[in-house]
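Reviewing the structure listed below.
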Ligand code: G3P
Ligand code: CA
């Protein structure tokens, strides 16, 4: 588990101190596009994947809060849409794995997110499957999630999940971000990145809000990278698919905002792999166990 009193206390103190300074634990001076750490510290940016999801139920407010307590300001999430048009934060396109939907709605197999209303989803327990202490946690709406991340002064790597299931989700996501105050210059410059496995979706987001930092999830061949550079700033690959040469090829291109493209890799939960991808030169590591990665690579 994550509790290593001395390291955790030190990290929590630093995170708290930087929060008081108005920027939480990383990169206020350099914005979302830099791996230069706070106070001149180096190391890749560490992103708490679905929150601190090794230790709390993924994509819940509890996982976001735990990431904050561990000293991490960047959290990653997944956004999908209910039958009646509410954006909610959940990874799978069914509710079965991470909620008690099968108990509450036994006749609604296969329990697709898109087949349930927001009111029905609000009744579900999204924490009990993970541990008794989290029983009663809900599937947050995107708006609830944004408000919590904002309250915690954290930053968000927002994934538009399976956009092919949800026509128009890009525009709707931007609308909710705007209503929650996440599209002002400060958020856009320092606190928000939008990513997707769908290049079309990333391109749509870039077209609607060219000022936003975006990322494509995947590992395109080097020859194809220039096409991606036209509409995105980052290429975020699964760690098993990359080499140092590939990372260097991405870095060698200017992205949609005229800066060197970056690479944030996922999902790295052990020290050896974290050091390996650090040596490859990645800018960020997306992890379920951010404390483990921080200890391995010295990132924040
Ligand atoms: O942020 C990268 C990662 O979230 C991509 O995979 O399936 O966990 O959304 P997945
Ligand atoms: Ca994700």
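The values are calculated or read from the model by the stated rules, or taken from the named source; none is laboratory data. Keep in mind the model is a prediction, meaning the values are calculated, not measured. For neighbour counting, all protein chains shown are included, and Cβ atoms are generated from backbone atoms with ideal geometry for every residue, glycine included.
Can you report the number of residues in the stretch 137-191 which are surrounded by fewer than 18 Cβ atoms within 10 Å (Cβ to Cβ) and within 16 Å of ligand 1 (Cβ to nearest atom)? Number of matching residues: 2. Residues of the stretch 210-239 that are in contact (Cβ under 8 Å) with a residue 40 or more places away in the chain and in a strand (DSSP E or B): 213, 214, 215, 217, 234, 236. Selection within the stretch 81-92: residues that are within 11 Å of ligand 2 (Cβ to nearest atom) and crowded, with 24+ Cβ neighbours inside 10 Å. The member of this set that is nearest to residue 190 (Cα to Cα) is 89.
Out of everything in the stretch 177-200 that is assigned to a helix (DSSP H, G or I) and farther than 23 Å from residue 88 by Cβ, what residue ends up being farthest from ligand 2 (Cβ to nearest atom)?
We begin by selecting, within the stretch 177-200, every residue assigned to a helix (DSSP H, G or I); these are 177-179, 185-190, 199-200.
Still in the running and farther than 23 Å from residue 88 by Cβ: 185-186, 188-190, 199.
On the way: 185: 26, 186: 24, 188: 21, 189: 23, 190: 21, 199: 16 Å.
Across the stretch 177-200, the extreme among qualifying residues is 185.
Going through 222, 213 one at a time, which residue ends up being within 15 Å of ligand 1 (Cβ to nearest atom) and at negative phi?
Values: 222 fails: within 15 Å of ligand 1 (Cβ to nearest atom).
None of the others qualify; the one that does is 213.
Any residue at all in the stretch 127-136 that is within 16 Å of ligand 1 (Cβ to nearest atom), more than 20 Å from residue 75 (Cα to Cα), touching a residue at least 60 places away in the same chain (Cβ under 8 Å) and out of contact with any strand residue (DSSP E or B) (no Cβ under 6 Å at 6 or more places or on another chain)? Within the stretch 127-136, none of the residues are within 16 Å of ligand 1 (Cβ to nearest atom), more than 20 Å from residue 75 (Cα to Cα), touching a residue at least 60 places away in the same chain (Cβ under 8 Å) and out of contact with any strand residue (DSSP E or B) (no Cβ under 6 Å at 6 or more places or on another chain). Take the conditions more than 16 Å from ligand 2 (Cβ to nearest atom) and at pLDDT 95 or above and apply them to residue 60. Does it pass? It is false that residue 60 is more than 16 Å from ligand 2 (Cβ to nearest atom) and at pLDDT 95 or above. Scanning the stretch 281-295 for residues that are in a helix (DSSP H, G or I) and closer than 10 Å to residue 44 by Cβ returns 293, 294. I'd like to check something: does the stretch 93-116 contain any residue that is modelled with pLDDT of 95 or more, in a strand (DSSP E or B) and crowded, with 22+ Cβ neighbours inside 10 Å? No, the stretch 93-116 has no match at all. In the stretch 143-161, the residues that are farther than 29 Å from residue 94 by Cβ and modelled with pLDDT under 95 form no Cβ pair under 9 Å with any partner that is outside any helix (DSSP H, G or I) and within 16 Å of ligand 1 (Cβ to nearest atom), whether six or more places apart or across chains.
Might you check whether a residue that is closer than 24 Å to residue 284 by Cα, more than 16 Å from ligand 1 (Cβ to nearest atom) and without any contact (Cβ under 8 Å) to a residue 40 or more places away in the chain occurs anywhere in the stretch 88-105? Checked the stretch 88-105: no residue is closer than 24 Å to residue 284 by Cα, more than 16 Å from ligand 1 (Cβ to nearest atom) and without any contact (Cβ under 8 Å) to a residue 40 or more places away in the chain. Checking each residue in the stretch 66-77 for being within 16 Å of ligand 1 (Cβ to nearest atom) and surrounded by fewer than 19 Cβ atoms within 10 Å (Cβ to Cβ) picks out no residue at all.
Filter the stretch 241-269 for residues that are assigned to a strand (DSSP E or B) and either more than 20 Å from the chain's Cα centre (by Cα) or in contact (Cβ under 8 Å) with a residue 40 or more places away in the chain (or both) and give the result. If the condition is that a residue be assigned to a strand (DSSP E or B) and either more than 20 Å from the chain's Cα centre (by Cα) or in contact (Cβ under 8 Å) with a residue 40 or more places away in the chain (or both), then 254, 260, 262, 264, 266 are the ones that fit. Only one of the numbered conditions (1) touching a helix residue (DSSP H, G or I) at 6+ places or on another chain (Cβ under 8 Å); (2) without any contact (Cβ under 8 Å) to a residue 12 or more places away in the chain is not met by residue 114, and that is (2).
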